[in-house]
Amino acid sequence: MEQVATPFDCDGAPRPVMIRVADCPSLLTYPPHSHHRAELVYVRSGTVCVTIDGAMFIVPSQCAILIAPDTVHEVRMLSDAHLLTTYLAVPRDKPGLACGNLLVSDLLRELMHAAVDLPVAYDRGGREERIMDLIAEEVAWLTAQPDTLTLQTPVPTNPRLVRLCREILRELDRGWTIDDAAEVAGMGRRTFTRAFKREVGISFNTWRSRARLNAAVCRLKAGASITSVALEAGYSNPSAFATMFKRCLGVPPSHFQIARTVRLAS
């Protein structure tokens, strides 16, 4: 059963960085809202869909998304999810941040875990403030790294198509056909294909492939094996998955299996 939650008010926090942990049931939705702070949503477990400016971002387990300050966004749980969210006050003179999936380094992950039990009004001038300052510094460093290849997943406006897309995102490993999708949307095949392309600008099959690719890139960047990612994307043959991946993104899946970044504070 769908639930709607009240967005958390982070702007009144007494310190520039705060961490919030939440266990969220499947189908829980935070309706469109914005903060003056930047928001980094790290999904410890589960899968989350974030909608920003007409595009969907899939955030699988062990992955994260950065949401720029004052950006209207909706957050929806595609499964039971355990979230660790960091809210950061961004100086007004700092260049604007871009929204999108963010690779979480081992250092940032450990810093966030260490900060979970710190009070909202953490002590200044000591260990607690240094941990929070390091979190802000590591996020800034990660966002400054060269962009990686990702494909946004556009969002339809027709309520039936929106419900269909959310259902597909919850079951990306299912072999969705056009007929399956049309049936779930309650439309005839021809009506469905025309309506879908009119709404999102691409065909249903292309949209489904983009959704799978987005999830695959996030999982690969988080350290998952190509075989496990291929299975999650609905491919029984990793070679077929790799062929599709390279055809769409121009690089093989191994391109995203980079070594985890560990940075030492100087």
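Taking the beta-carbon count within 10 Å as an exposure proxy, list Ile19, Ile58, Ile202 from fewest neighbours to most. Walk me through the numbers on the way to the answer.
On the way: Ile19 23, Ile58 26, Ile202 15.
Least crowded to most crowded, the residues run Ile202, Ile19, Ile58.
Report D for the range 19-128 in µm² per second (integer): Stokes-Einstein, Kirkwood Rh on Cα pairs, 37 °C, 0.692 mPa s.
Numbers: Rh = 14.6 Å.
Here the translational diffusion coefficient equals 226 µm²/s.
Which length gain, in nm to one decimal place, applies between His82 and Asp117 when the Cα-Cα distance is subtracted from 0.36 nm times their residue separation? Please report the intermediate quantities before stating the final value.
Values: separation 35, 0.36 × 35 = 12.60 nm, distance 1.57 nm.
Between His82 and Asp117, full extension yields an extra 11.0 nm.
Using all Cα-Cα distances in the chain, what percent lands in each 5 angstrom bin from 0 up to the longest?
1, 6, 13, 16, 18, 17, 13, 8, 5, 3, 1, 0, 0
What is the extension gain from Glu74 to Asp23, computed as 0.36 nm multiplied by their sequence separation minus the C-alpha to C-alpha distance, in nm to one decimal? Provide the component values of the computation, followed by the final result.
Numbers: separation 51, 0.36 × 51 = 18.36 nm, distance 1.70 nm.
Length gained, Glu74 through Asp23: 16.7 nm.
Would you calculate a helix-derived [θ] at 222 nm for the chain, using -39,500 (n - 2.57) for each DSSP H run of n ≥ 4 and dividing by the full residue count, to the nearest 500? Mind dumping the intermediate values first?
On the way: 8 runs with 96 residues, N = 266.
It lands at -11000 deg cm²/dmol.
Any idea what the relative contact order of the range 155-256 is, in percent, if you count C-alpha pairs under 8 Å spaced at least 6 apart? Working shown, then result.
On the way: 83 pairs, mean separation 23.8, N = 102.
Over the range 155-256, the number comes to 23 percent.
Could you grab the relative contact order for the range 12-143? Cα pairs under 8 Å, six or more apart, rounded to a whole percent. Provide the component values of the computation, followed by the final result.
Working: 273 pairs, mean separation 40.8, N = 132.
About 31 percent, as a whole number.
Defining a contact as two alpha carbons under 8 Å apart and six or more residues distant in sequence, what relative contact order in percent does the chain show?
On the way: 458 pairs, mean separation 47.6, N = 266.
In percent, rounded to a whole number, it is 18.
Can you give the longest run of the chain that contains no GluC sites (Glu not before Pro) sitting in a DSSP loop with at most 14 other Cβ atoms inside 10 Å? The partial results should precede the final answer.
On the way: sites that count: Glu2, Glu171.
Longest site-free region, per DSSP loop and neighbour criteria: 3-170.
Given R₀ = 45 Å, what would the calculated FRET efficiency be for Arg160 paired with Glu110, taking r from the Cβ atoms and rounding to 0.05?
My answer for the efficiency is 0.55.
What FRET efficiency comes out for the pair Asp179/Ile202, r = Cβ-Cβ distance, R0 = 22 Å, nearest 0.05? Walk me through the numbers before you get to the answer.
Details: r = 19 Å, r/R0 = 0.85.
Once rounded, the FRET efficiency stands at 0.75.
Among Lys197, Lys221, which comes first, second and so on when ranked by fewest other beta-carbon atoms within 10 Å? Intermediate results must be reported in sequence, preceding the final value.
Details: Lys197 14, Lys221 21.
Least crowded to most crowded, the residues run Lys197, Lys221.
Assuming R0 = 22 Å, what is the FRET efficiency of Glu171 and Arg194, from their Cβ-Cβ distance, to the nearest 0.05? Please report the intermediate quantities before stating the final value.
Details: r = 24 Å, r/R0 = 1.10.
Efficiency for this residue pair is about 0.35.
Counting other beta carbons within 10 Å of each residue's own, what order do Ser225, Ser239, Ser26 fall into, fewest first? Write down the numbers at each step before the final one.
Numbers: Ser225 13, Ser239 10, Ser26 16.
Least crowded to most crowded, the residues run Ser239, Ser225, Ser26.
Values in this text are rule-based calculations from the coordinates and carry no lab data. All values derive from a computational prediction rather than experimental measurement. Note that we place each Cβ from the backbone using ideal geometry, even for glycine, and neighbour counts take in every protein chain shown.
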